[in-house]
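Below: one structure, written as structure tokens.
The numbers here are math on the coordinates, done by the rules we state, and not lab data. Source: prediction; values computed, not measured. Ideal geometry is used to build each Cβ from the backbone, glycine not excepted, and the neighbour counts take in all protein chains shown.
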Amino acid sequence: RILQVSSGVYSRWHLVSSSSSSSVPTVKLFIDGKFVESKSDKWIDIHNPATNEVIGRVPHATKAEMDAAVSSCKRAFPAWADTSILSRQQVLLRYQQLIKENLKEIARIITLEQGKTLADAEGDVFRGLQVVEHACSVTSLMLGETMPSITKDMDLYSYRLPLGVCAGIAPFNFPAMIPLWMFPVAMVCGNTFLMKPSERVPGATMLLAKLLQDSGAPDGTLNIIHGQHEAVNFICDHPDIKAISFVGSNQAGEYIFERGSRHGKRVQANMGAKNHGVVMPDANKENTLNQLVGAAFGAAGQRCMALSTVILVGESKKWLPELVEHAKNLRVNAGDQPGADLGPLITPQAKERVCNLIDSGTKEGASILLDGRNIKVKGYENGNFVGPTIISNVTPNMTCYKEEIFGPVLVVLETGTLDEAIKIVNNNPYGNGTAIFTTNGATARKYSHLVDVGQVGVNVPIPVPLPMFSFTGSRSSFRGDTNFYGKQGIQFYTQLKTITSQWKEEDATLFSPAVVMPTMG
Ligand code: NAD
């Protein structure tokens with residue numbers, strides 16, 4: 001069994017009962033192909049965000065357990081890297097099928113631990129599944145380059161080869177999608193992988209590990225440890241780990257980027273955001289308002305690509321009352337309840353932080369047009385709910401504009417022209433995503449070209465690229481050189497070996513020693 005409770009609360013996700021410490025289910029480690037109970041004496045409670053009941057506990061893995069996990073990855077690496085690429089591809093082909101078959105079960109675990117609605121949780125798994133499907137094309141993606149006859153009898157070619165043991169550190173907000181950005185891509189290239197899921201939502205990763213094992217991934221190719229700072233430091237420092245993929249906050253990401261880089265590792269870090277939607281007066285009003293509301297409040301705003309800031313240009317400011325009406329129609333409820341549009345925030349602390357940021361808006365002169373702070377959800381009075389909130393008259397110097405709120409809060413700015421809007425977006429330190437809403441192609445083109453943000457939507461509010469492209473957040477939203485998934489993902493998890501090869505037909509003894517630098521000309 002993956003979780004001790006796989007036949008208990010985690011599969012009957014809507015029947016969670018409060019528990020004494022002895023009956024709380026515990027999440028196992030996955031070491032060398034076995035789901036094992038940690039010997040740790042330090043555990044972290046996992047809560048259902050809709051009720052705040054403790055539904056499980058996750059260990060701070062001990063040093064010995066983390067060492068065992070890396071040793072397992074290291075032992076498994078040579079054989080896995082040597083396994084034919086077609087066999088590795090077959091494992092992933094079986095894996096994508098098993099994920100599809102178990103998509104709803106993974107989604108149920110996500111809703112239980114993370115709080116998002118079931119439909120949204122299914123989307124979370126589905127977007128990760130798309131990366132797995134794309135990684136099945138590894139036989140084309142990993143092709144090297146060749147150049148025949150660069151000089152007489154000499155050919156040049158390159159291979160893409162795996163790095164060794166790679167590691168992943170994931171955030172709480174996409175419990176399936178983000179781990180699936182990491183280990184399937186790394187492993188299909190021939191690496192072995194050490195995964196540390198978010199300690200708040202470990203269940204989906206555990207089920208995904210079980211499905212990968214069932215797909216034929218050999219023991220040791222994927223290991224899973226749990227924990228927080230100690231586990232992260234362990235990963236950053238361990239000499240046998242060659243690369244780290246991180247997704248999460250700036251505070252953690254910048255620290256991990258620096259500490260991991262200092263130890264000679266490749267690090268890619270996707271971090272925080274403040275995504276702006278720019279609304280032109282010529283936009284299709286109904287479509288734009290629906291898109292804004294969905295992208296600002298969906299997943300309770302706990303998406304790195306949430307459209308959390310809107311700039312109304314010119315006359316589009318008149319749409320504000322209708323925007324508020326659209327937001328009021330959203331239904332806030334526990335994620336497993338039919339018709340729920342948004343669920344709770346992850347923790348009471350997250351709720352408090354979001355409410356404080358809304359307060360700061362009032363104190364600094366903004367207007368609260370819709371206030372979700374005091375929302376009560378019947379039957380879930382202890383949940384971390386905040387309803388859709390809209391703050392207008394916001395200026396770039398206000399705290400609610402500068403901070404990533406990561407809650408169901410839309411801050412609204414107004415400008416007279418597109419140029420002013422572009423200036424605001426480009427002055428913001430983050431560069432994860434942005435969208436423009438317009439029916440004018442030239443306006444859309446101007447915005448796409450001048451805005452300094454890595455992912456741009458034109459009438460598309462959450463422009464997360466499909467996996468044949470890469471996730472290309474920029475500026476303070478990313479540290480590293482090579483992005484997640486797509487061609488860039490393959491590059492991140494491989495290194496090039498270039499071979500210069502000469503086969504002469506003539507007798508080699510006819511040549512004298514070459515003591516000058518070969519020019520190959
Ligand atoms: P987080 O940084 O708190 O946690 C991410 C991971 O880092 C977890 O595994 C956690 O155990 C570890 N961690 C947390 N604090 C740490 C610290 N001080 N030192 C070392 N390790 C630490 O992030 P979160 O709250 O789980 O996720 C939300 C954040 O992630 C938001 O800022 C969001 O924008 C960002 N995010 C970004 C992307 C993206 O692709 N750009 C995607 C999803 C989430």
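For the chain, the longest principal axis of the alpha carbon atoms and the long axis of helix 118-135 meet at an angle near 20°. With respect to the chain, whose longest principal axis is taken over its alpha-carbon atoms, helix 63-82 is tilted by about 50°. Can you give me the angle between helix 103-114 and the longest principal axis of the chain, using Cα atoms only, in degrees from 0 to 90, rounded to the nearest 10? So the helix axis and the longest Cα principal axis differ by about 60 degrees.
How much net charge surrounds Gly294 when only the other residues with a Cβ under 12 Å from the Cβ of Gly294 are counted, with Lys and Arg +1 and Asp and Glu -1?
With Lys, Arg at +1 and Asp, Glu at -1, the neighbours total -1.
In order along the range 25-31, the phi-based Karplus estimate (6.51 cos²θ - 1.76 cosθ + 1.60, θ = phi - 60°) of 3J(HN,Hα) comes to x, 10, 8, 8, 8, 10, 10 Hz; Gly and Pro are listed as x.
By per-residue mean of other Cβ atoms within 10 Å, what is the highest-first order of 208-214, 133-139, 307-313? Can you show the working numbers first?
Numbers: 208-214: 21.3, 133-139: 19.4, 307-313: 26.0.
Those peptides, ordered most packed to least, come out 307-313, 208-214, 133-139.
Going from the fewest other Cβ atoms within 10 Å to the most, the residues Ser474, Ser215 appear in the order Ser474, Ser215.
Quick check: residue separation of Ala64 and Glu145 times 0.36 nm, minus the Cα distance between them. What number comes out in nm?
Values: separation 81, 0.36 × 81 = 29.16 nm, distance 4.23 nm.
Extra length from Ala64 to Glu145 when fully extended: 24.9 nm.
When both bridge partners sit in the chain, DSSP labels roughly 45% of those beta bridges antiparallel. In this structure, the amide hydrogen of Leu410, modeled 1.01 Å from its nitrogen in the peptide plane, lies closer than 5 angstrom to those of Thr389, Ile390, Ile391, counting only residues at least 5 positions away or on a different chain.
Could you tell me the distance between the Cα centroids of the range 117-132 and the range 443-460, to the nearest Å? Rounded to whole Å, the Cα centres lie 26 Å apart.
With the cut-off at 30 Å, tell me which of the pairs Lys274/Lys317; Lys402/Lys487; Lys317/Lys363; Lys42/Lys351 have Cα atoms farther apart than that. Write out the running numbers ahead of the final one.
Numbers: Lys274/Lys317 20 Å; Lys402/Lys487 33 Å; Lys317/Lys363 23 Å; Lys42/Lys351 26 Å.
In this structure, Lys402/Lys487 exceed 30 Å between Cα atoms.
For the range 332-455, the Cβ-based charge dipole about the Cα centre amounts to some 60 debye (Lys, Arg positive; Asp, Glu negative; other atoms uncharged).
Could you size up the charge dipole of the chain around its Cα centre, putting +1 on the beta carbon of Lys and Arg and -1 on that of Asp and Glu, and report it in debye to the nearest 20?
Numbers: 49 positive and 48 negative charges, 94 e Å.
The dipole magnitude comes to about 460 debye.
Counting other Cβ atoms within 10 Å as a rough exposure proxy, the listed residues Trp503, Trp43, Trp181 run Trp503, Trp43, Trp181 from fewest neighbours to most. When the charge dipole of the chain is built from unit charges on Cβ atoms (+1 for Lys and Arg, -1 for Asp and Glu) and taken about the Cα centre, the candidate among Ala366, Ile31, Val70 whose Cα reaches farthest toward its positive end is Ile31.
A straight Cα-to-Cα reach below 19 Å connects Lys318 with the aspartates and glutamates Asp282, Glu286, Glu414, Glu420, residues fewer than 8 places away in its own chain not being considered. Relative to one another, the C-alpha centroids of the range 199-215 and the range 296-316 are positioned 32 Å apart.
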